[in-house]
Amino acid sequence: MSNNSILVVGGGFAGITAALEAAEVGHEVYIVETKPYLGGRVAQLKHYFPKMCPPSCGLEIQFQRIKKNPRVKVFTMAEVESVSGGPGNFDVKIKQNPRYINEKCTACGECAKAASTTVSSEFDFGTGKRKSAYITHPFAFPQRYVLDKDACDAGELEAIKNACSYGAVNLDDKERVFDLKVGSVVWATGWKPYDLSNLDNLGGGTLANVVSNMQFERLAAPNGPTGGKIVRPSDKAAPKRIAFVQCAGSRDQNHLNYCSYICCMASLKHVRYLREQYPDASVTVYYIDLRTPGRYDKFKAMTEKDPKLSLVKGKVAAIVEDGSKNPIVTVENAVTGIKSDEQFDMVVLATGMQPSMAGAQVPAGAPMDEEGFVVGGDEQGIIAAGCAKQPLDVMKTAQSGTSAAMKAIQTVVGR
């Protein structure tokens with residue numbers, strides 16, 4: 001007997017869209033997400049295209065739909081251990097890591113106040129710190145704290161437990177392994193920013209005032225480490241001269257071979273963030289080609305009118321810093337052929353989108369290309385969606401999620 005339930009691996013925008021589209025036409029859907037919350041990378045943005053609205057705007061509606069739909073079951077802090085069987089009859093082994101804070105949590109925050117240890121925040125890409133008991137962002141779903149038990153000693157754990165008047169802290173929480181039987185699998189594992197430390201010639205990960213585009217996004221976000229104030233990481237000063245380096249590690253045979261589709265647009269969006277806060281700051285964007293897919297051309301045309309913005313076609317060869325930690329950018333202007341050293345207060349590297357599965361293998365033998373994108377698998381009942389398939393923006397990711405839901409439904413119904 002064919003099973004018509006669907007497993008969605010990844011709870012970002014693509015996964016959530018696929019899950020809801022399938023559930024709302026009557027299929028039982030399981031979402032498995034490795035992070036403590038749903039929303040993926042979109043949750044980490046200040047604004048997203050095309051309307052430049054905050055992520056809560058698009059995600060809150062989706063979370064309401066999940067809450068209202070008993071057919072959607074969500075497992076956070078969980079991963080797929082193995083997939084066996086085939087279309088219509090998959091057997092999936094799931095491992096769920098302990099959260100140490102259960103459903104009784106009201107997100108009151110007393111556990112975080114009682115926690116004394118602070119560690120680097122993954123959600124903020126290391127631009128800020130978080131407590132050992134934490135919630136990543138105000139609209140996190142599920143709206144529940146997480147306890148990083150390994151970061152604490154026994155005394156701190158006891159203090160955190162005692163601070164909770166709802167009995168939500170369970171220090172004996174254990175890892176769970178369980179099986180799900182499903183008819184098809186939507187693979188929506190998303191992307192990760194290309195590792196800055198690979199870009200040592202550009203000062204990635206070593207120069208204080210050289211940040212990635214996603215770190216910059218967190219500095220601009222109101223729920224970020226600086227409350228949305230864009231400042232230089234080294235001394236928290238307001239930057240007056242900022243450079244953006246496009247294709248940092250992209251379109252480069254030593255790094256990512258491809259163009260990540262949306263990085264040029266992200267940097268133009270970042271120019272607008274800067275302009276809102278610093279009307280007089282001067283901004284330079286160094287690019288190979290400026291890519292503005294589809295209707296984004298209008299956005300570029302509007303942003304280009306900024307008199308304090310210089311768009312320079314040129315390849316950045318190196319970035320070093322002076323005694324005041326100002327980045328010095330060595331760049332060759334592709335139009336004039338002149339090579340120069342330019343000083344800035346802060347540099348943003350537009351690092352590319354690498355598939356989260358890079359270097360790993362998708363179960364059930366779904367084919368992947370050498371970069372880690374899933375390039376097939378529909379016949380095997382494994383349907384890739386969103387940035388697991390190719391670099392996309394949020395709008396195209398949602399469309400891809402809908403398309404994956406259709407294919408998943410066809411897989412389980414057409415048997």
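What to note about this one:
- Ordering of 357-366, 263-272 by burial proxy (mean other Cβ atoms within 10 Å per residue, highest first): 263-272, 357-366
- Cysteines having no other Cys beta carbon under 4.7 Å from their own, within the chain: Cys105, Cys108, Cys111, Cys152, Cys164, Cys247, Cys259, Cys263, Cys264, Cys387
- Integer Hz, Karplus 6.51/-1.76/1.60 couplings in order for region 282-287, x for Gly and Pro: 9, 10, 10, 10, 9, 9
- Seen from Gln253, the other residues with C-beta closer than 13 Å to its C-beta sum to a net charge of -2, counting Lys and Arg as +1 and Asp and Glu as -1.
- Region 175-307, dipole about Cα centre (Lys/Arg Cβ +1, Asp/Glu Cβ -1), debye to the nearest 20: 400 debye
- Leu309 accessible area, 1.4 Å probe, all protein chains in place, Å² to nearest 10: 20 Å²
- Residue-count net charge about His270 - beta-carbon cut-off 10 Å; Lys, Arg +1, Asp, Glu -1: +3
- Rounded to whole Hz, the Karplus (6.51, -1.76, 1.60) HN-Hα couplings of region 310-322, x for glycine and proline: 10, 9, 10, 7, x, 9, 7, 8, 7, 9, 10, 10, 8
- Spatial offset of region 116-184 relative to region 298-312 amounts to 43 Å, using the alpha carbon center of each.
- Inter-centroid distance (Cα atoms) of region 48-102 relative to region 350-404, Å: 16 Å
- Qualifying GluC sites (Glu not before Pro) in region 302-392, where qualification requires a DSSP coil assignment and no more than 12 other C-beta atoms within 10 Å, comprise Glu370, Glu379.
- Backbone HN-Hα couplings from phi across region 57-72 [Karplus 6.51/-1.76/1.60, Hz, Gly and Pro as x]: 4, x, 6, 4, 4, 5, 5, 4, 5, 5, 4, 7, 10, x, 7, 9
- Where GluC sites (Glu not before Pro) fall in DSSP loop in region 1-69, at most 15 other Cβ within 10 Å: Glu24
- Three-way shape call for region 105-165 based on the alpha-carbon gyration tensor, with the a/c threshold at 1.5: oblate
- DSSP beta bridges fully contained in the chain are about 55 percent antiparallel.
- Protection-proxy order for peptides 382-393, 401-412, 41-52, each taking the mean of Cβ atoms within 10 Å per residue, highest first: 382-393, 401-412, 41-52
- Sparse-neighbour loop sites [trypsin sites (Lys or Arg not before Pro); region 221-250; at most 11 other C-beta within 10 Å; DSSP]: Lys236
- A crude spin-label estimate for the pair Leu171 and Gln96, with each label 7 Å from Cα along the Cβ direction, gives 2.3 nm.
- Model label zone, Lys181; criterion: amide N under 13 Å from point 7 Å along Cα-to-beta-carbon; scope region 5-44: 5
- Check: the chain dipole with +1 on Lys, Arg Cβ and -1 on Asp, Glu Cβ, in debye: 1200 debye
- The candidate values are [x] 1.80; [y] 0.95; [z] 0.99; the one derived from this structure for Rg/Rh (Cα atoms, Kirkwood Rh) carries the label [z].
- Whole-percent pair-distance distribution, where bins are 10 Å wide, for the alpha carbons of region 251-374: 11, 33, 33, 16, 6, 1
- Förster-model FRET efficiency, 60 Å R0, Cys53 and Lys339, C-beta, rounded to 0.05: 0.90
- Separation of the Asp150 and Thr106 label points, Cα + 7 Å toward Cβ, nm: 3.3 nm
- Computed from the Cβ-Cβ distance with R0 of 45 Å, the FRET efficiency linking Ile328 to Glu60 stands at 0.55.
- Calculated mean residue ellipticity at 222 nm for the chain: -6500 deg cm²/dmol, from DSSP H runs with n ≥ 4 weighted as -39500 (n - 2.57), summed, divided by the residue count and rounded to 500.
- Think of a 1.4 Å ball rolled over the protein heavy atoms: region 1-123 then has 41 Å² of accessible area per residue.
- C-alpha center-to-center spacing [region 223-260, region 1-35] in angstrom: 34 Å
The values are calculated or read from the model by the stated rules, or taken from the named source; none is laboratory data. Computed from a prediction, not measured in an experiment: that's the story for all the values here. Counting neighbours? That spans all protein chains shown, and the Cβs are built from the backbone with ideal geometry, glycine included. Quick note on the areas: whole protein, heavy atoms, side chains included, nothing else; ligands and nucleic acids left out. Shrake-Rupley method; radii C 1.70, N 1.55, O 1.52, S 1.80 Å.
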